[in-house]
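Remarks on the structure that follows.
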Amino acid sequence: MLKVKHYQGNGTLTENTDNFSSATTKRVAPLHTCYAVLNKASPQTIMKYRNKFVMTILIAISLLFSANLKAELNIDSLAKARGYDEVKEFIEGMAKVKKGFYVWFIDKEGKEIGKEGKYILSDDFKEGMAMVCQDFMWFIDKEGKEIGKEGKYEFVTYFNEGMASVRKDGYWFYIDKEGKEIGKEGKYEFVGNFVDGIAKVLKDGKWFYINKKGEEVE
């Protein structure tokens, strides 16, 4: 077991081990040096190192707070310059903005996504996709590409495991991120989210499970 004998104050530690009768000297890392000092140090030395540690933490917190404040001020300036009525928090690197009757998104560089869509309603991004709405509901990705618009869905939910449940003509089914419809022919009365590739669905009052191909599974 290592036993500290003397600290020379320059990062050099003289130590003695149970396996060696003579003292050995080596250079140690600052953290180990600090531990060795505090293990044998006087109350004054302990106070000195403690104050340095606390000061380092306070400086780090101050720098982090300043960076966050600067980001918030940049967003405020951007909102004012562009006349946004509202800017939401960033989720998955995208923030929802509103101006007049319409909503769209900006990324952390201020690039506007979906502005030309003239959406009256939208949700936050999840798995890289966000719900948007005009007369019907569909999705956009982070480049503004529209997915499922031609489906004219009455209602959609968020993506989970790459699949989103949608409703049309009173029945539920799924679409993937390419807009491919899965399980539409099943005419499900209700559907759940996919978990480990399996989703629970309701048809004719009976619950059962399907996979991502729309096939019934045990």
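The values are calculated or read from the model by the stated rules, or taken from the named source; none is laboratory data. Every value quoted in this text rests on a predicted model; they were computed, and no experiment measured them. Glycine gets a Cβ as well: all are built from the backbone with ideal geometry, and neighbour counts include every protein chain shown.
Quick look at the values:
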{"quantity": "Options K108, K96, K142; residue that is surrounded by fewer than 15 Cβ atoms within 10 Å (Cβ to Cβ) and under 19 Å from the mean Cα position of the chain (by Cα)", "calculated": "K108"}
{"quantity": "Residue list for region 117-173, filter: in a strand (DSSP E or B) and among the basic types (K, R)", "calculated": "K126, R167, K168"}
{"quantity": "Residue count, region 175-194 (criterion: outside any loop (DSSP other than H, G, I, E, B), surrounded by 11 or more Cβ atoms within 10 Å (Cβ to Cβ) and out of contact with any Asp or Glu (no Cβ under 7 Å at 6 or more places or on another chain))", "calculated": "7"}
{"quantity": "Residue in region 125-132 that is in the same structural domain as K168 (by TED's automatic domain parsing), under 23 Å from K168 (Cβ atoms) and modelled with pLDDT under 95 present", "calculated": "no"}
{"quantity": "Matching residues, region 111-126, being of a type outside the set (D, E, K, R) and within 23 Å of the chain's Cα centre (by Cα)", "calculated": "I113, G114, L121, S122, F125"}
{"quantity": "K108 being of a type outside the set (S, T, N, Q), at pLDDT 95 or above and assigned by TED's automatic domain parsing to the domain that holds G148", "calculated": "no"}
{"quantity": "The lone exception for Y119 - which of (1) of a type outside the set (A, V, I, L, M, F, W, C); (2) crowded, with 16+ Cβ neighbours inside 10 Å; (3) over 23 Å from Y84 (Cα atoms) it fails", "calculated": "(3)"}
